[in-house]
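Below is one structure; the comments refer to it alone.
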Amino acid sequence: MEPMREQASPTRRHIVASAAAGAGALLAGKLAWAQAARSPGRIDLHHHYFPPAFLDAQRDIAVRQNRPAALGAALAGWSKARTIEAMDRYGIAIGVLSISTPGPWFGNIEESTRLARECNEYAAEMMRDHSGRFGLFAALPLPDPDAALREIEYAFDTLQAYGVAIMTSYATSAGATWPGDPSLAPVFAELNRRKAAAFFHLGRVGSSQLFCGNVGSGVPDVETPHEITRAIMSLLFNGTLSRNPDIRFIFTNAGGTVPTLSGRIAAATKRLGAEFNRLVPKGAEYELKKLNYEVSNATSPTSLAAIAALVSPSQIVFGTDYPFVPIEATIAGIDAFWAGALRDPVYRANAATLLRHLA
């Protein structure tokens, strides 16, 4: 065994140099964080807003369903001022506004039509009052296709919406309407004609109304990503994705479980025969790989690795699900996974390419 060597005592110069280096590193870290926080570059494609009419509808449905009418802290504490403050704090230049679950649909088409218009007008006012800070994914009174077509015309031609927000499913007296339902084909045909962006968000209210509900007492709701996957499957298997190649489809939560199941989905479709081949002539894998995926609620290393393995980095976009998810948590997950050359486009350039208003 080699004898231990006596370690030389540090000189005063070494101590001062080490302290200076440590202070410099600390200062550099603080400056880097401050610069990132002040950066105007980020574009948030999953940014919620809560007009008074929407909050009233939330309270009313709770009363009708014999649930407490009190709103959760995220909704009750929301304001335009707090939204701007949060955006400034985390370097978000533009928040593209969309209504949260369940959109404007609470079971009545007249109410839905009125509520969609009120929400879209409220967002347009935010866009006017804070020029350059907000865009809009317009609320649609789905699942009624005729009302949705009228609102599409108004939202794009009058309010200058960036795109539309569509829920993953709509609860009806007959059960559920998924976005791939044949009755909604005229809506997607019009969006395709306009080469519009369609942002898909979790639809039906509460886990008890999701496809399977919670799996047991005390088990957290894990249905959200599966709900998103089912919505994508409804669009894939009835040919909506392949019939409408000019729609810029954007799916939140990194597409649910699609990234991890895409291989299995593609393999399964090869056994379906001529009818599927007619509806989806380029195949399932092609259709899933051409979609765009927003990463809120999915910024763990495993989730980001799955989506990065499925699509080009240019198809991955930033979103926060504000105010439900801490913005800093989403940013931390992205920063830990990607280096600058791949990370920076996720924060801004990919969205700017996807939405012509931001080009």
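The values are calculated or read from the model by the stated rules, or taken from the named source; none is laboratory data. What you are looking at is a predicted structure, and each value in this text was computed from that prediction instead of being measured. Here the Cβ positions follow ideal geometry from the backbone for every residue, glycine too, while neighbour counts run over all protein chains shown. For accessibility, only protein heavy atoms count, side chains too; no ligands or nucleic acids. Shrake-Rupley method; radii C 1.70, N 1.55, O 1.52, S 1.80 Å.
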### Message
For the stretch 164-190 and the stretch 283-359, what is the centre-to-centre distance using only Cα atoms, to the nearest Å?
### Response
25 Å
### Message
With an 8 Å Cα cut-off and a minimum separation of 6 or more residues, compute the relative contact order for the stretch 256-359 in percent.
### Response
24 percent
### Theoretical gain in end-to-end length, VAL222 to ASP335 [0.36 nm per residue, Cα-Cα removed]
38.1 nm
### Message
Sort 188-199, 141-152 by the packing proxy (mean of other Cβ within 10 Å over each peptide's residues), most packed first.
### Response
141-152, 188-199
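Cα-Cα over 25 Å: which of LYS195/LYS270; LYS195/LYS289; LYS195/LYS290; LYS195/LYS282?
As for pairs spanning more than 25 Å Cα to Cα, those are LYS195/LYS270.
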### Message
Taking a virtual spin label 7 Å from the Cα of GLN65 along the C-beta vector, which residues in the stretch 83-118 bring their backbone nitrogen under 14 Å of it?
### Response
101-108
#### Entry: Amide N of the stretch 337-357 lying under 11 Å from the label point, which is placed 7 angstrom from the Cα of GLU328 along Cα→Cβ
none
### Query
Points 7 angstrom from Cα along the Cβ direction at ASP344 and ASP56: gap in nanometres?
4.8 nm
### Query
At a probe size of 1.4 Å, how large is the accessible area of SER242, to the nearest 10 Å²?
30 Å²
### Message
Along the Cα→Cβ direction, 7 angstrom out, place labels at ALA268 and GLU125. What is the inter-label distance in nm?
### Response
4.6 nm
### Summary
In nm, the gap between the two label points placed 7 Å beyond Cα toward Cβ at LEU279 and THR302 is 3.1 nm
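At a 10 angstrom cut-off on C-beta neighbours, averaged per residue, how do the peptides 272-278, 162-168, 130-136 rank from highest to lowest?
On the way: 272-278: 11.3, 162-168: 28.1, 130-136: 17.9.
By packing density, highest mean first, the sequence is 162-168, 130-136, 272-278.
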